[in-house]
Amino acid sequence: MLQDVDGDTALGELFFLRTSVAAYALQRFFIKPAQEQLRDAFDRWIHKMLRGSGDKRIQKNPNAFIDGMNQRYNQYIEAIETPDARGPAWNVGKVFAKFCGQEKDLQVVLAGSIEFGGCMVAITACLTDAKNLDGGDIIMISTD
């Protein structure tokens, strides 16, 4: 599905999409008092991982890379939260395709949509299991 996208670009955009969905889940599924602390811990982990990646582009200017990541995060969150009859996956897929330089390629849109859906399913399943351990004090997700 991503055959027309440069391999490094595709991997980078998949990383941005996945981390954006994870960050979105922190604000959607956790109670307000826990959100800030969790987001700070998540951001520190991402920054540590990026700096230790060995990628020369990141090492050269980590702050520019993190700024770019934050811009993508904001656009993905906006796509998730913008109502559309086709659902948030469609909007996310369009943003993903744009960042891949293939915004008119429906296969790339579909790849982003599928990745978003898969991430949300995985996060929801994980948090549903965790809520049973948590007793529902921190995680706001329906287990019904």
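Please say if region 58-101 is rounded, prolate or oblate, where rounded means a/c under 1.5 for a ≥ b ≥ c the square roots of the C-alpha gyration tensor eigenvalues, and otherwise the choice is prolate for a/b larger than b/c and oblate otherwise? Could the numbers behind the result be given before it?
Numbers: a/c = 5.18, a/b = 2.42, b/c = 2.14.
Prolate shape, in that a/c is at least 1.5 and a/b is the bigger ratio.
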Q) Tell me, what HN-Hα J-couplings in whole Hz come from the Karplus equation 6.51 cos²θ - 1.76 cosθ + 1.60 at θ = phi - 60° for each residue of region 112-129, using x for Gly and Pro? A) x, 5, 5, 4, 4, x, x, 5, 5, 4, 5, 5, 4, 5, 4, 6, 5, 5
Q: Can you pull the one-decimal nm distance between simple spin-label points at LYS60 and GLN3, each 7 Å off the Cα toward Cβ?
A: 3.1 nm
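List the relative contact order of the chain as a percent without decimals, with contacts defined as Cα pairs under 8 Å and 6+ residues apart. Walk me through the intermediate numbers first.
Working: 134 pairs, mean separation 44.1, N = 144.
Contact order relative to length: 31 percent.
At a 1.4 Å probe radius, carbon and sulfur cover how many percent of the accessible area of the chain? Present the calculation step by step, with values, prior to reporting the outcome.
Values: 4700 of 8660 Å².
Its accessible area is 54 percent carbon and sulfur atoms.
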Q) What number, rounded to the nearest 500 deg cm²/dmol, is the helix-based mean residue ellipticity at 222 nm of the chain, given -39500 (n - 2.57) per DSSP H run of at least four residues and division by all its residues? A) -25500 deg cm²/dmol
(Q) If you take semi-axes √(5λ) of the Cα gyration tensor in Å from the coordinates, which of [x] 71, 11, 10; [y] 40, 21, 11; [z] 26, 21, 12 do you get? (A) [z]
Q: Tell me the label-point distance for the pair GLU81, LEU38, using the 7 Å Cα-to-Cβ offset, in nm and rounded to one decimal.
A: 1.6 nm
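When all alpha-carbon pairs of region 1-50 are counted, what percent fall beyond 15 Å?
Details: 671 of 1225 pairs.
Summing the P(r) of region 1-50 above 15 Å gives 55 percent of all pairs.
The values are calculated or read from the model by the stated rules, or taken from the named source; none is laboratory data. Since the model is a prediction, treat every value here as computed from it, not as a measurement. Neighbour counts run over all protein chains shown; Cβ positions are idealised from the backbone, glycine included. Each accessible area value is taken on the protein alone, full model and side chains, heavy atoms only, with ligands, DNA and RNA left out. Shrake-Rupley method; radii C 1.70, N 1.55, O 1.52, S 1.80 Å.
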